[in-house]
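Working notes, beginning with the structure itself.
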Number of protein chains: 2
Amino acid sequence: MTTSPRFAELSVGKRTILTPGPVEVDPRVLRALTTPILGQFDPEFTALMNETSRMIQGVFRTANPKALPVDGTSRAGLEAALTAVVRPGDKVLVPIFGRFGHLLVEICQRLDAVVETMEVEWGTVFDPTVIARAVREKRPQVLALVHGETSTGRVQPFTGLGDACRDVGALFVVDAVATLAGVPFETDEWKVDVAIAGAQKCLSVPAGIAPVTWNDRADARITARHRIERGLRTAADVDSDLPPIRSNYLDLAQLSDYWSPARLNHHTEATSMLYALREGLRLVLEEGLEERWKRHRLHEAALVAGLKALGLEFFGDPASKLAVVTCVKIPQGIDGDAVRAFLLDQFGVEIASSFGPLKGKIWRIATMGYSASRFNVLHGLGALEATLIRFGVKVPAGDALQAALAVYSDQAKLASTKG
Amino acid sequence: MTTSPRFAELSVGKRTILTPGPVEVDPRVLRALTTPILGQFDPEFTALMNETSRMIQGVFRTANPKALPVDGTSRAGLEAALTAVVRPGDKVLVPIFGRFGHLLVEICQRLDAVVETMEVEWGTVFDPTVIARAVREKRPQVLALVHGETSTGRVQPFTGLGDACRDVGALFVVDAVATLAGVPFETDEWKVDVAIAGAQKCLSVPAGIAPVTWNDRADARITARHRIERGLRTAADVDSDLPPIRSNYLDLAQLSDYWSPARLNHHTEATSMLYALREGLRLVLEEGLEERWKRHRLHEAALVAGLKALGLEFFGDPASKLAVVTCVKIPQGIDGDAVRAFLLDQFGVEIASSFGPLKGKIWRIATMGYSASRFNVLHGLGALEATLIRFGVKVPAGDALQAALAVYSDQAKLASTKG
C-alpha cells in the first residue's frame with residue numbers, strides 16, 4: 001500500500017446561496033452541530049428526541065403523535081413514507097407538474113405499485129377539482145402529490161383533495177419538501193395523511209435529515225405490516241400475513257418503535273444532525289410560522305421587483321407562483337450555465353438551472369429560510385445585473401437594486417404605520 | 001392552533017462514552033461541521049466529494065474506483081450494498097455469530113432473497129474453513145458476513161473466504177461497521193467485493209453517513225440493473241430487462257452516477273456530514289492506520305488489565321476477541337442496568353448492555369476512535385470501581401487504576417527504548 005496523500009484542512013469560499021437547496025444555515029444551527037455526542041439511549045438524548053418530535057408537530061401544524069425525522073435526505077423521507085403505505089400491486093395516483101412528481105412515480109414503481117399519472121405542462125399546476133375527480137374515479141390506495149415544485153417554481157392548491165381521498169379510502173401523501181416553513185402548510189386542516197419535509201430548504205438545516213408526520217389513518221395501514229426485526233424479536237412477536245415493509249432502514253413502523261417510549265433499538269440516531277434539526281425547528285417556532293411566511297413573501301417581493309427592473313421575463317403561470325422560488329427565462333442568445341458559473345466565480349453567488357424540458361431555458365432563484373434575507377436579495381441582484389451587463393445583455397443599470405430597496409422601504413413604512 | 005411551547009437552548013452534560021457507538025468525536029471533526037454550506041454542484045464542493053472518495057479508498061485499503069458514502073447511518077450503508085447486489089430469488093449465505101448477522105438476514109429477506117444461515121454460539125466465531133466449505137457447497141450469489149460483532153465483542157477471521165467466493169462466482173459482502181479504522185481491515189488483500197463501514201464507531205464521526213466501497217466484480221452486477229430515474233432520463237436511455245434496484249434513495253448505481261464526473265443529480269448530498277466525514281477520514285490518514293490500530297490495542301490492554309484487577313470475568317472466546325469491544329460478565333446478583341444508570345448519572349460514564357441471549361448477562365465496554373484514550377480508560381475504570389463498591393461487589397480497591405497505569409507506563413518505557 002502506498003503512502004496516502006496528505007489532504008489540506010477543510011476550507012471553503014464565501015457564498016450567497018440563492019438556489020432551492022441546500023440553502024444557507026443560520027450560524028446558531030451550525031453551532032448546535034458542535035455539541036458533543038450523547039449516547040443514543042442517554043436520557044438526555046432521548047429527551048431531545050422527544051422535544052424534536054413536538055417541534056416537528058408544531059412546524060407541520062399537526063396533532064399527530066407520529067412525527068419524527070428519517071435519517072437521510074428528503075428523498076429518504078419520501079421513500080420511507082411511500083414504502084410504508086404502498087404495498088405491491090396498490091394503485092397510486094400521481095399528478096405530475098414538474099420533476100419531483102416524476103420522482104414519486106419512480107419510487108412507487110420500484111415498490112411494484114400500479115402507478116397512474118396525470119400531467120400538466122411544466123409552469124402550471126392542476127385545478128384541484130380535476131385531481132379530486134380523478135381520485136373519485138380511479139379510487140387509488142394512495143394519492144401522492146408534490147406541494148411545491150422547485151423545478152418549476154409552482155405551488156399546487158389542495159382544496160377538496162383531503163375530502164376526496166377520505167371519500168374513497170385513499171391516503172393523501174404529500175411532498176412538502178420545498179414548502180414547509182416557507183409558505184403555509186396545514187397538515188391537519190388540509191387532511192394530509194402523510195407529510196414529508198426536507199431539512200435543506202425553508203427549514204434551513206443541513207441536508208441529511210427529513211421530518212415526517214403521519215396520522216391515525218396512515219398509521220393503521222403502516223402498523224398492519226409492523227414487524228420486529230430478527231435479533232430483537234421474541235417468541236411472542238407474531239407477524240401479520242401481509243408482505244413486510246420492504247426496507248429495514250426506511251421502515252416507519254420500526255422507526256416508530258424506536259421513537260416511542262419502548263425505544264426499541266433500530267439504527268443509531270444521527271446525533272449531530274438531530275441537534276441541528278432541533279435547533280433549526282426551534283428557530284422556526286421562535287420566529288413564528290406566520291412571521292416566517294411573511295418574511296419569505298417580503299424577500300420574494302423585493303427579488304421580483306429587482307428582476308422585473310432588470311427586464312427579465314418570468315416563467316410560469318403567475319397564479320400558482322411558489323413564493324420561495326422565482327423562475328426567470330434566460331435571455332435569448334445567452335448561455336445560462338456560463339452566467340451561473342460567472343456569478344459563482346466572481347461574486348460567490350449561486351443560482352440554479354432546471355431539469356428536463358426547462359434545462360437551459362430558465363434560471364431559478366430561491367429565497368428560502370436563512371437565505372431569504374435582505375443581504376442575499378440585494379447582493380444577488382447586484383451581482384446578476386453586473387454579470388448580465390458583462391454578457392452583453394442590455395439592462396437599465398442601477399434600477400434593480402433601487403426597485404428592491406423601494407420594496408424594503410415601503411415595507412418598513414408600512415410596519416411603522418401599523419406600530 | 002395553540003401557541004407553541006418555548007424550547008430551551010440546546011445544552012448537554014459532560015460524558016465519557018465507552019459504548020460501541022455512537023462514540024465521542026474529535027473536536028476538529030465537530031468544528032468541521034460548522035463550515036458554511038456549499039451548493040451540491042459548487043466546484044469547491046464536488047472537489048471535496050472527490051477528495052473524500054480518495055480518503056475512503058485509503059482507509060479501506062483499496063484501489064476500487066467506487067468508494068463513496070451513503071447518506072444514512074451504517075445500516076443504510078448495509079441495506080444499500082445488499083439491495084444493489086441481491087436480486088429477488090438470489091441465494092444469500094449469512095453466517096451468524098451475533099446480532100448483526102441477524103440484521104443482514106433481515107435485510108436480505110425483505111429483498112426476497114433465499115437466505116441460508118449458519119450459526120455458532122454467541123461469544124465464538126466460525127472456523128473460516130467451515131464458511132469456505134459452505135460457500136463451495138451451497139454456491140450462493142452472495143456471502144454476507146459481519147467482520148466485527150459489537151454485540152459479542154468478536155472478530156471473524158476471513159482466511160480463504162475471498163477465494164472460496166471467487167471459485168463459485170459469489171460476491172463477498174462485508175459489514176466492517178465496527179472494525180474499519182480500529183483493527184486491520186484489508187479490502188483488496190482479503191478479496192472483499194463490497195465493504196460497508198459506519199461513521200460513529202472507530203472512524204469517530206457522528207452517525208448519519210456510511211462509507212461504502214465495491215470492486216469491479218460487484219460493479220458488474222450492480223451496473224446490470226442501472227437505471228436513470230424519471231425526470232432525468234432521455235429517450236436514449238435504455239433499461240435492462242432485470243428488475244430495477246428496489247430502492248431509489250439507496251441505489252448504488254445512481255449514487256455512482258452522482259459521484260462520477262457526470263454528477264447526475266440524485267439526492268442533495270448531506271453537506272455538513274460530508275464535511276465531518278472528510279475531516280474524520282483525514283485525521284485517520286494523518287494518524288496512519290497502523291498507528292491507529294496500535295493505539296486501539298494499547299487502550300484495550302490497559303482496559304483489560306484494569307477490569308482483570310477488578311476481578312471481573314471476561315465473556316467469550318479469547319482467541320476471537322475484538323480489540324475495540326471488551327465484554328465482561330455482570331457479577332452474580334447485580335442489576336446490570338442499575339449499575340449502568342448509576343455510572344451515567346454520577347460519573348457521566350456510559351457503557352453498554354447487550355442484546356438477545358446476552359441481555360442482562362454482560363456489559364460491553366468499547367474503546368473506539370476518539371473514545372480510545374487514556375482519559376476514557378482511566379476515568380471509566382475509576383468510575384466502575386467506585387460504582388461496583390457502591391453496589392456491594394467486593395473489589396480490591398485501587399488496583400484497577402494501578403494495573404491500567406502500569407500498562408501505560410510499560411508502553412512508554414518500551415517506546416523510549418525503541419526510540
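Laid out as a table, the results:
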item: Qualifying residue in region A:268-280 (condition: closer than 30 Å to B:ILE107 by Cβ and more than 22 Å from the chain's Cα centre (by Cα)); result: yes
item: Selected residue [in contact (Cβ under 8 Å) with a residue 40 or more places away in the chain and either over 25 Å from the mean Cα position of the chain (by Cα) or within 30 Å of B:ARG374 (Cα to Cα) (or both)] from B:ALA305, B:ALA236, B:ALA262; result: B:ALA305
item: Single match in B:VAL192, B:VAL142, B:VAL146 (criterion: open to solvent by less than 20 Å² (accessible area, probe 1.4 Å), under 24 Å from B:PHE314 (Cβ atoms) and out of contact with any Cys (no Cβ under 7 Å at 6 or more places or on another chain)); result: B:VAL146
item: Given (1) over 30 Å from B:GLY39 (Cβ atoms); (2) away from every other protein chain (no Cβ under 13 Å); (3) part of a loop (DSSP other than H, G, I, E, B), number of the condition A:SER256 does not satisfy; result: (3)
item: Residue within region B:176-197 that is outside any loop (DSSP other than H, G, I, E, B) and over 23 Å from B:VAL114 (Cβ atoms) present; result: yes
item: Residue identified as polar (S, T, N, Q), at pLDDT 95 or above, in contact with a helix residue (DSSP H, G or I) (Cβ under 8 Å, 6 or more places away or on another chain) and surrounded by fewer than 24 Cβ atoms within 10 Å (Cβ to Cβ) among A:THR129, A:THR124; result: A:THR124
item: Set A:THR46, A:THR129, A:THR73, A:THR52: member being in contact (Cβ under 8 Å) with a residue 12 or more places away in the chain and within 23 Å of A:GLY162 (Cβ to Cβ); result: A:THR129
item: Residue in region B:97-130 that is nearest to B:THR326 (Cα to Cα), counting only those that are under 17 Å from the mean Cα position of the chain (by Cα) and more than 9 Å from chain A (Cβ to nearest Cβ); result: B:PHE97
item: Cross-chain or 6+ apart pairs with Cβ under 9 Å, region A:314-331 first and at positive phi, then among the hydroxyl-bearing types (Ser, Thr, Tyr) and in a loop (DSSP other than H, G, I, E, B); result: A:GLY316/A:THR152
item: Within region A:269-295, tally of residues that are in a loop (DSSP other than H, G, I, E, B) and surrounded by fewer than 24 Cβ atoms within 10 Å (Cβ to Cβ); result: 1
item: Only listed residue being at pLDDT below 95 and among the hydrophobic types (A, V, I, L, M, F, W, C), chosen from A:ILE222, A:ILE245; result: A:ILE245
item: Test for B:VAL407: is it among the hydrophobic types (A, V, I, L, M, F, W, C), farther than 23 Å from B:SER151 by Cα and out of contact with any His (no Cβ under 6 Å at 6 or more places or on another chain); result: yes
item: Subset of region A:6-35 that is within 15 Å of A:LEU277 (Cα to Cα) and part of a loop (DSSP other than H, G, I, E, B) - its residue that is most open to solvent (accessible area, probe 1.4 Å); result: A:THR34
item: Per-region count, region A:149-174, residues in contact with a Leu (Cβ under 6 Å, 6 or more places away or on another chain) and either open to solvent by 10 Å² or more (accessible area, probe 1.4 Å) or of a type outside the set (Phe, Trp, Tyr) (or both); result: 6
item: Residue check for B:PHE41: touching a residue at least 12 places away in the same chain (Cβ under 8 Å) and either among the acidic types (Asp, Glu) or within 30 Å of B:VAL377 (Cα to Cα) (or both); result: no
item: Residues that are among the hydrophobic types (A, V, I, L, M, F, W, C) and within 14 Å of another protein chain (Cβ to nearest Cβ), drawn from region A:339-362; result: A:ALA341, A:PHE342, A:LEU343, A:LEU344, A:PHE347, A:VAL349, A:ILE351, A:ALA352, A:PHE355, A:LEU358
item: Restricting region B:332-356 to residues that are in a helix (DSSP H, G or I) and charged (D, E, K, R), the residue that is most open to solvent (accessible area, probe 1.4 Å); result: B:ASP345
item: Tabulated pairs, region A:142-166, first under 19 Å from A:SER74 (Cβ atoms), second of a type in the set (Asp, Glu), C-beta under 8 angstrom, 6+ apart or interchain; result: A:VAL142/A:ASP90; A:ALA144/A:ASP175; A:LEU145/A:ASP175; A:VAL146/A:ASP175; A:HIS147/A:ASP175; A:ARG154/A:ASP317; A:VAL155/A:GLU149; A:GLN156/A:GLU149
item: Condition met for B:ALA305 (hydrophobic (A, V, I, L, M, F, W, C) and open to solvent by less than 30 Å² (accessible area, probe 1.4 Å)); result: yes
item: Filter result for the condition that a residue is open to solvent by 20 Å² or more (accessible area, probe 1.4 Å), touching a Leu at 6+ places or on another chain (Cβ under 9 Å), modelled with pLDDT of 95 or more and part of a helix (DSSP H, G or I), over B:GLU79, B:GLU44; result: B:GLU44
item: Any chance A:GLY208 is touching a residue at least 60 places away in the same chain (Cβ under 8 Å) and out of contact with any Asp or Glu (no Cβ under 6 Å at 6 or more places or on another chain); result: no
item: Residue list for region A:235-253, filter: over 12 Å from A:ALA81 (Cα atoms) and either open to solvent by 50 Å² or more (accessible area, probe 1.4 Å) or more than 10 Å from chain B (Cβ to nearest Cβ) (or both); result: A:ALA235, A:ALA236, A:ASP237, A:VAL238, A:ASP239, A:SER240, A:ASP241, A:LEU242, A:PRO243
item: Qualifying residues in region A:49-73 (those that are buried (at least 22 other Cβ atoms within 10 Å of the Cβ) and within 7 Å of chain B (Cβ to nearest Cβ)) - the one nearest to A:LEU145 (Cα to Cα); result: A:THR73
item: Residues within region A:357-406 that are open to solvent by less than 40 Å² (accessible area, probe 1.4 Å), farther than 25 Å from A:ALA181 by Cβ and small (Gly, Ala, Ser), tallied; result: 5
item: Top-ranked residue in region A:197-228 [being charged (D, E, K, R), away from every other protein chain (no Cβ under 14 Å) and more than 19 Å from A:TYR249 (Cα to Cα); ranked as surrounded by the most Cβ atoms within 10 Å (Cβ to Cβ)]; result: A:ARG217
item: Subset of region A:24-41 (residues that are touching a helix residue (DSSP H, G or I) at 6+ places or on another chain (Cβ under 7 Å) and within 7 Å of chain B (Cβ to nearest Cβ)); result: A:GLU24, A:VAL25, A:ALA32, A:LEU33, A:THR34, A:THR35, A:ILE37, A:LEU38, A:GLY39
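The values are calculated or read from the model by the stated rules, or taken from the named source; none is laboratory data. Treat the numbers as computed from the prediction; the structure is a model and nothing was measured. FYI the Cβ positions are ideal-geometry reconstructions off the backbone, even for glycines, and counts take in every protein chain you see. Quick note on the areas: whole protein, heavy atoms, side chains included, nothing else; ligands and nucleic acids left out. Shrake-Rupley method; radii C 1.70, N 1.55, O 1.52, S 1.80 Å.
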